[in-house]
1. Out of the residues in region 51-87 meeting the condition of being acidic (D, E) and closer than 24 Å to D161 by Cβ, tell me which one is surrounded by the most Cβ atoms within 10 Å (Cβ to Cβ).
2. Can you tell me which residue is modelled with the highest pLDDT among those in region 69-89 that are touching a Leu at 6+ places or on another chain (Cβ under 9 Å) and of a type in the set (S, T, Y)?
3. Might you let me know whether region 152-170 holds any residue that is aromatic (F, W, Y) and at pLDDT 50 or above?
4. Which condition number in (1) out of contact with any helix residue (DSSP H, G or I) (no Cβ under 8 Å at 6 or more places or on another chain); (2) over 22 Å from V94 (Cα atoms) is the one that L51 fails?
5. Between G48, G108, which is surrounded by fewer than 23 Cβ atoms within 10 Å (Cβ to Cβ), free of Cβ contacts under 8 Å to residues at least 24 places away in the same chain and under 15 Å from V134 (Cβ atoms)?
6. If I go through region 114-131 residue by residue, how many of them are in contact with a Lys or Arg (Cβ under 8 Å, 6 or more places away or on another chain) and in a helix (DSSP H, G or I)?
7. Would it be correct to say that P140 is over 18 Å from V23 (Cα atoms) and modelled with pLDDT under 95?
8. Is region 59-80 home to any residue that is within 20 Å of P132 (Cα to Cα), basic (K, R) and more than 15 Å from the chain's Cα centre (by Cα)?
Amino acid sequence: MALTTDDHVLPRGIASPGLSAPVVVHFDGACQPPGSSGIAGWGFVIEGPGLHFEDCGLATRPYAPHSTNNVAEYVGAIRALEHLRSVGYGGEVVVEGDSQLVVRQMNGEYEVRAEHLKAYHDWLRKLAGMFPKVEFRWVPREENAAADALSKRAIEEAWEDAEAHRPSRRAFPSEPSDRENPDPG
């Protein structure tokens, strides 16, 4: 069913620029164990007049060298804007997250120094340029709870399978066992 206004026919669930307030995206990312080379999950929630959508997933292959929280944060924002493009939304967007790094890098306040983040930053910048206006805002963690829960859900859903395929770290004993070096006598 389409919604009709005086001059526009809107597909159901699609907000239209000029007819409503900007769509608000909340994004987040998480990594377990914290640090590098863990399982990195992203989540986002999109809300606006006539529109509500949420999604989550893994940012990288589990235990990849750059499976980090920062990568997951970027991927959450990227996936949200990609989703908006895929449903034909072409209005203004407010992107909110509790990642000071992503928000400040997107606002030009921080330089992107980490080489592995440059491609994510460039892609997010390109996606943002496809909308008439995108504003990146930092919000406290408490105001980002739904996206945070989704990023953690992505990790939880992948945990068992990822742990089963975790690269092994072979342990080397400090002294050989008797079984490995039997006594010749």
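The values are calculated or read from the model by the stated rules, or taken from the named source; none is laboratory data. Since the structure is predicted, the reported quantities are computational estimates derived from the model, not experimental observations. Glycine gets a Cβ as well: all are built from the backbone with ideal geometry, and neighbour counts include every protein chain shown.
1. Initially, region 51-87 is screened for residues acidic (D, E), giving 54-55, 73, 82.
Next, only the ones that are closer than 24 Å to D161 by Cβ stay: 54-55, 73.
Details: E54: 16, D55: 15, E73: 29.
The extreme case among them is E73.
2. Of everything passing the filter in region 69-89, Y74 is modelled with the highest pLDDT.
3. Step one: of region 152-170, the residues aromatic (F, W, Y) are 159.
Retained after the next criterion (residues that are at pLDDT 50 or above): 159.
Scanning region 152-170, I find at least one residue that is aromatic (F, W, Y) and at pLDDT 50 or above, so the answer is yes.
4. In the conditions (1) out of contact with any helix residue (DSSP H, G or I) (no Cβ under 8 Å at 6 or more places or on another chain); (2) over 22 Å from V94 (Cα atoms), L51 misses (2) alone.
5. Details: G48 fails: free of Cβ contacts under 8 Å to residues at least 24 places away in the same chain.
Checking each option against the conditions leaves just G108.
6. At the first step, the residues of region 114-131 found to be in contact with a Lys or Arg (Cβ under 8 Å, 6 or more places away or on another chain) are 127, 130.
Cutting the leftovers down to in a helix (DSSP H, G or I) gives us 127.
Going through region 114-131 one residue at a time, the tally reaches 1.
7. Values: over 18 Å from V23 (Cα atoms): yes; modelled with pLDDT under 95: no.
The answer is no for P140.
8. No: zero hits.
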